[in-house]
Amino acid sequence: MAALVPVVAACTEEPSAPPPPDPLAELAAKARADAALATAIATAQPALATAATEIATARTEHATALQAEVDRERPPVSSSSTRPPATPDVPADGVAALVDALTTAEKQAADLVASVPRYRAGLLGSVAAGCASLRVVLT
Amino acid sequence: MTSPTPPPSQGPSSLPDDAAQATQDALGAEHAALWVYGLVSAFLPADYGNALQEGSNAHRARRDATELLLSGAGQSPRSAEAAYVLPQEVADEPSALAVLVVVETDVTVAWRAVLERTDDKTLRAAALGGLTDAAVRATRWRRAAGQTPATPPLPGTPG
């Protein structure tokens, strides 16, 4: 007679749960969305073009730095993991929309500073400080 | 009372050498910033008075809090120097604004370095506050000086 099938052993080999998403991935996506918003506002509202363009440039750099850290920690399986966000609708009040976006982004980064590894704490501190400074550009 | 009791510190009761050194460096940057704010006021028109006062007050408060945090961690806080070497001569409004930008930028770099050298939540919160406040003031001074872009994308990044 053939050996008994080790049923019990099979039960212990559960597939390991996928790792939780990297919290910085969400911040990178937010930075890309903010850059797209700022770019749309810069095009549609000439009076804001200079400030909105600086915001778009800086938030793009935030997205690049954050995504690089996400990819360093967990190399992406496909190279096309970061889709560009859809072109956003241009809000009537461009200043208010950008101030809101930057305030949310600053808080997102600042809230994570306490709990992340050291290198990330430095990076997120600079992202938060950058968002706070970009609000000054709108005043 | 000749021996006031220090307020109970919420900060760390000790600090590893690298975190202590980075915090001392940040304190040194706050001392230098205070000195520069005092120096440049003579070269700036009166309409900068509020911004100068606000900056001085903020750096003084940050200096005091940092000294308290270091003392609470068993460290002897670094004293201010009698004078500091300026990155350029201050002789007029543009050079005064330029030096304010430099000294605030130095403060952002010093506090980011603290963030990268400690796991202590209280010290990280202080460092984030120091970094953000200095970055915002640096942005205001760059705007006053007409510099663009008004802020680096990632304030506090060395180099």
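The values are calculated or read from the model by the stated rules, or taken from the named source; none is laboratory data. Note that the structure is predicted; figures quoted are calculated from it, not measured. Neighbour counts are summed over all protein chains in view; Cβ atoms, including those assigned to glycine, are modelled from backbone coordinates with ideal geometry. These area figures cover heavy atoms from the full protein model, side chains too; ligands, DNA and RNA do not enter into them. Shrake-Rupley method; radii C 1.70, N 1.55, O 1.52, S 1.80 Å.
The GNM of chain B, with springs linking C-alpha atoms under 10 angstrom apart, assigns the highest mean-square fluctuation among B:72, B:130, B:146 to B:146.
Mean partner shielding of peptide B:124-137, defined as the number of other chain Cβ atoms within 10 Å of each residue Cβ, is 5.
The distance linking the range A:84-126 with the range A:25-75 is 9 Å (Cα centroid to Cα centroid, whole angstrom).
Taking all protein chains as shown and a probe of 1.4 angstrom, residue B:121 keeps an accessible surface of around 130 Å².
Highest GNM mean-square fluctuation among B:51, B:82, B:134, for chain B modelled with Cα contacts below 10 Å: B:82. In sequence order, the range A:56-66 has phi-based couplings of 4, 5, 5, 5, 5, 5, 4, 4, 5, 5, 5 Hz under the Karplus curve 6.51 cos²θ - 1.76 cosθ + 1.60, θ = phi - 60°, and Gly or Pro positions carry x.
By the combined test of axial Cα extent (at least 20 Å) and Kyte-Doolittle hydropathy (mean at least 1.0), the qualifying DSSP H helices of chain B come to B:93-115.
Only helices enter the 222 nm calculation for the protein assembly as shown: every DSSP H run of n ≥ 4 contributes -39,500 (n - 2.57), and dividing by all residues gives -22000 deg cm²/dmol, rounded to 500. Using only Cα coordinates, the Kirkwood hydrodynamic radius of the range B:17-93 works out to 13.6 Å. Could you tell me what a quarter of the Cα convex hull surface of the range A:11-139 works out to, in nm² with one decimal place? That works out to 9.7 nm².
Ligands, DNA and RNA left out, the accessible area of the protein assembly as shown computed with a 1.4 Å probe is 58% carbon and sulfur. Computing FRET efficiency as 1/(1 + (r/R0)^6) for residue A:90 and residue A:16, where r is the C-beta to C-beta distance and R0 is 45 Å, gives about 0.50. Taking every protein chain into account, the accessible area of the protein assembly as shown amounts to 52 square angstrom per residue (probe 1.4 Å). One way to sum up the overall shape of chain B is the equivalent ellipsoid from its Cα gyration tensor, whose semi-axes run 28, 18, 13 Å, largest first. Remark: relative contact order (the range A:17-139) = 28 percent; criterion is Cα-Cα distance under 8 angstrom and separation of 6 or more residues.
Pairs of Cα atoms nearer than 8 Å and 6+ residues apart set the relative contact order; for chain B it is 28 percent. Plainly put, the range B:77-159 has a radius of gyration that is 1.02 times its Kirkwood radius, both from alpha-carbon atoms, as the Rg/Rh ratio.
Among B:20, B:103, B:145, flag the residue with its Cα farthest along the positive direction of the charge dipole of the protein assembly as shown, charges on Cβ as +1 for Lys/Arg and -1 for Asp/Glu. Farthest towards the positive end: B:145. Summed over both chains, the contact between A and B buries some 2100 Å² of accessible surface at a probe radius of 1.4 Å.
Counting Cβ atoms of other protein chains within 10 Å of each residue's Cβ and taking the mean over peptide A:22-35 gives 0.
Considering only B:39, B:69, B:82, the residue lying farthest towards the positive end of the dipole of chain B is B:69, judged by Cα position with unit charges set on Cβ.
Once the GluC sites (Glu not before Pro) in DSSP loops with at most 15 neighbouring Cβ atoms within 10 Å are cut out of chain B, the longest remaining piece is B:1-80. With no solvent and one point on each alpha carbon, what is the Debye value of log10 I(q)/I(0) for the protein assembly as shown at q = 0.10, 0.15 Å⁻¹? Each listed q corresponds, in turn, to -0.62, -1.16.
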